[in-house]
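This report concerns only the one structure given below.
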Amino acid sequence: MAPIATAQARPALDRLRGVAEQAGFEALLLTSEAGRRYVLGRDTGPVGAAVVLTVAGSVAEGPDAVEALSTAGVGTGPVGVEDDVPWALSGRLSDGGVSLRSASDVVFAELVRCTPEERAAFGEAAELAAVGYTAVMDHLHVGMDVREITANVDRSVRRAGGLLGWYPPGAGAGSDLVTVHGHDPRTARLTATSPIRYTLHPTAGGSQGLATATAVLCKAGPALRAAAESCSAATEALITALRPGKPLREGHAAAARELGDRPGTSRILALRGGSARCSPPSGEVCAGPDTVLGVHVTVGVPGGAAVELAETVLVTGAGPEPLAKTPLRLVELY
């Protein structure tokens, strides 16, 4: 396993190396798909594969983190770890004298920061997600097979110029452009009363778009409407809290206040690297005027169903700007 020449890696490599140096790391150990793909710009091997990036400029990759660190010439550290390291690997590294420190915040901050050119690509990806939303909503009906949804989105998004997508965490049935929850698991068909949640996740220019909507094919009952209103309010509160210079955790806190005692969760995602990374609710990352984020809120409904909403958000000097602009509410179709 030979080190990768820095000149062959993506231009973002230099920025990420600078981030590591500022944080006082000797190297970064990247084991998440998003982190590895961001550095290498291509497929990154099996789950658990590692990429090591040193502040001195060497890069190494391989299926074994210990070997990758050795190949990159890393000493005892500190080494920044951007993902949870299995205890067995952590023990092997500690036994070798390597000092590990969390780098999840600094890597997340780099993944959400973008140049003006990249902002345009994120905007294009979000527009493709909006195209997919229309492709779903124009055809939903009781008894529809989820594979029809996949085909409609695939056809519409590809006609609009989108060729690739990515899989978000917890993806359901569908394709790399759209995933769906809420169908009958025995028949793969939509029912009248179960809320249909679908996530659109196309890629454009190496940047990822995100939009999630929820629809029901009948008049919603009180419990479903209450959950939907809570999800809408929490999503809008989260987006509003994404102000330049403010910690992202304030977005989580705003969503939590709106959710109250309801069984709900909020996520803030880095839409880069081919796989979404989540910001920890207690993280120190701040939004900046050059930040693109995915926001996602889920609220449970009695009986095991849920309402989900998501949006791609650009944070500018004036505040947050939704890019996909899909409705942040439950859509009733009856």
Filtering the stretch 37-46 for residues that are open to solvent by 10 Å² or more (accessible area, probe 1.4 Å) and in contact (Cβ under 8 Å) with a residue 12 or more places away in the chain leaves a count of 6
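Going through the stretch 255-275 one residue at a time, which ones are of a type in the set (A, V, I, L, M, F, W, C) and within 25 Å of residue 304 (Cα to Cα)?
255, 256, 259, 268, 269
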Give just the number: which of (1) open to solvent by 40 Å² or more (accessible area, probe 1.4 Å); (2) at pLDDT 95 or above does residue 261 not satisfy?
(2)
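Can you pull out the residues in the stretch 308-333 that are among the hydroxyl-bearing types (Ser, Thr, Tyr) and closer than 18 Å to residue 197 by Cβ? Please lay out each step first, then the result.
Filtering the stretch 308-333 down to residues among the hydroxyl-bearing types (Ser, Thr, Tyr) leaves 312, 316, 326.
If the condition is that a residue be among the hydroxyl-bearing types (Ser, Thr, Tyr) and closer than 18 Å to residue 197 by Cβ, then 312, 326 are the ones that fit.
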Which residues, counting only those in the stretch 48-84, are open to solvent by less than 40 Å² (accessible area, probe 1.4 Å), of a type in the set (A, V, I, L, M) and either free of Cβ contacts under 8 Å to residues at least 12 places away in the same chain or not in a strand (DSSP E or B) (or both)?
49, 65, 68, 69, 72, 74
Among the listed residues 226, 256, identify the single one that is out of contact with any His (no Cβ under 7 Å at 6 or more places or on another chain), surrounded by fewer than 20 Cβ atoms within 10 Å (Cβ to Cβ), closer than 23 Å to residue 278 by Cα and among the small types (Gly, Ala, Ser).
256
Counting only residues that are touching a helix residue (DSSP H, G or I) at 6+ places or on another chain (Cβ under 9 Å) and open to solvent by 30 Å² or more (accessible area, probe 1.4 Å), the stretch 288-297 contains a total of 1
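Quick check: is even one residue across the stretch 278-286 hydrophobic (A, V, I, L, M, F, W, C), surrounded by fewer than 23 Cβ atoms within 10 Å (Cβ to Cβ) and within 15 Å of the chain's Cα centre (by Cα)?
Start the filter on the stretch 278-286 by keeping residues that are hydrophobic (A, V, I, L, M, F, W, C), which leaves 278, 285-286.
Imposing the further condition that a residue be surrounded by fewer than 23 Cβ atoms within 10 Å (Cβ to Cβ) reduces the set to 278, 286.
Next cut, within 15 Å of the chain's Cα centre (by Cα) only: 278.
Yes, the stretch 278-286 contains at least one residue that is hydrophobic (A, V, I, L, M, F, W, C), surrounded by fewer than 23 Cβ atoms within 10 Å (Cβ to Cβ) and within 15 Å of the chain's Cα centre (by Cα).
The rows are residues; the columns are (1) closer than 28 Å to residue 19 by Cβ; (2) without any contact (Cβ under 8 Å) to a residue 60 or more places away in the chain.
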position: 89; (1), (2): yes, yes
position: 115; (1), (2): yes, no
position: 129; (1), (2): no, no
position: 142; (1), (2): no, no
position: 148; (1), (2): no, yes
position: 163; (1), (2): no, yes
Of everything in the stretch 155-175 that's open to solvent by less than 40 Å² (accessible area, probe 1.4 Å) and touching a strand residue (DSSP E or B) at 6+ places or on another chain (Cβ under 6 Å), which residue is modelled with the highest pLDDT?
157
Only one of (1) in contact with a Gly (Cβ under 6 Å, 6 or more places away or on another chain); (2) at pLDDT 95 or above; (3) small (Gly, Ala, Ser) is not met by residue 121, so which one is it?
(2)
Across the stretch 137-151, what is the number of residues that are in contact with a strand residue (DSSP E or B) (Cβ under 6 Å, 6 or more places away or on another chain) and outside any loop (DSSP other than H, G, I, E, B)?
4
Could you check the stretch 95-109 and list, in sequence order, the residues that are under 17 Å from residue 245 (Cβ atoms) and within 14 Å of the chain's Cα centre (by Cα)?
108, 109
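How many residues are open to solvent by 10 Å² or more (accessible area, probe 1.4 Å) and at pLDDT 95 or above when one looks only at the stretch 200-217?
Step one: list which residues in the stretch 200-217 are open to solvent by 10 Å² or more (accessible area, probe 1.4 Å), which gives 203, 205-206, 217.
Of the ones still in play, those that are also at pLDDT 95 or above are 217.
Of the residues in that region, 1 qualify.
Residue 3: surrounded by fewer than 20 Cβ atoms within 10 Å (Cβ to Cβ), modelled with pLDDT under 80 and not basic (Lys, Arg), yes or no? Working first, answer last.
Values: surrounded by fewer than 20 Cβ atoms within 10 Å (Cβ to Cβ): yes; modelled with pLDDT under 80: yes; not basic (Lys, Arg): yes.
Considered against the rule, which asks whether it is surrounded by fewer than 20 Cβ atoms within 10 Å (Cβ to Cβ), modelled with pLDDT under 80 and not basic (Lys, Arg), residue 3 comes out as yes.
Would you be able to tell me the number of residues in the stretch 85-117 that are among the polar types (S, T, N, Q), open to solvent by 50 Å² or more (accessible area, probe 1.4 Å) and closer than 12 Å to residue 29 by Cβ? Talk me through it step by step, then tell me what you get.
Pass one, the stretch 85-117, residues among the polar types (S, T, N, Q): 90, 94, 99, 102, 104, 115.
Filter again for open to solvent by 50 Å² or more (accessible area, probe 1.4 Å), leaving 94, 99, 102.
Subset that is closer than 12 Å to residue 29 by Cβ: 99, 102.
Matching residues across the stretch 85-117 total 2.
The values are calculated or read from the model by the stated rules, or taken from the named source; none is laboratory data. Bear in mind that the values here come from a model prediction, so they are computed numbers and not experimental data. Here Cβ is always computed from backbone atoms with ideal geometry, including for glycine, and neighbour counts include all displayed protein chains. Please note that ligands, DNA and RNA were not included when accessible areas were found on the heavy atoms of the full protein model with its side chains. Shrake-Rupley method; radii C 1.70, N 1.55, O 1.52, S 1.80 Å.
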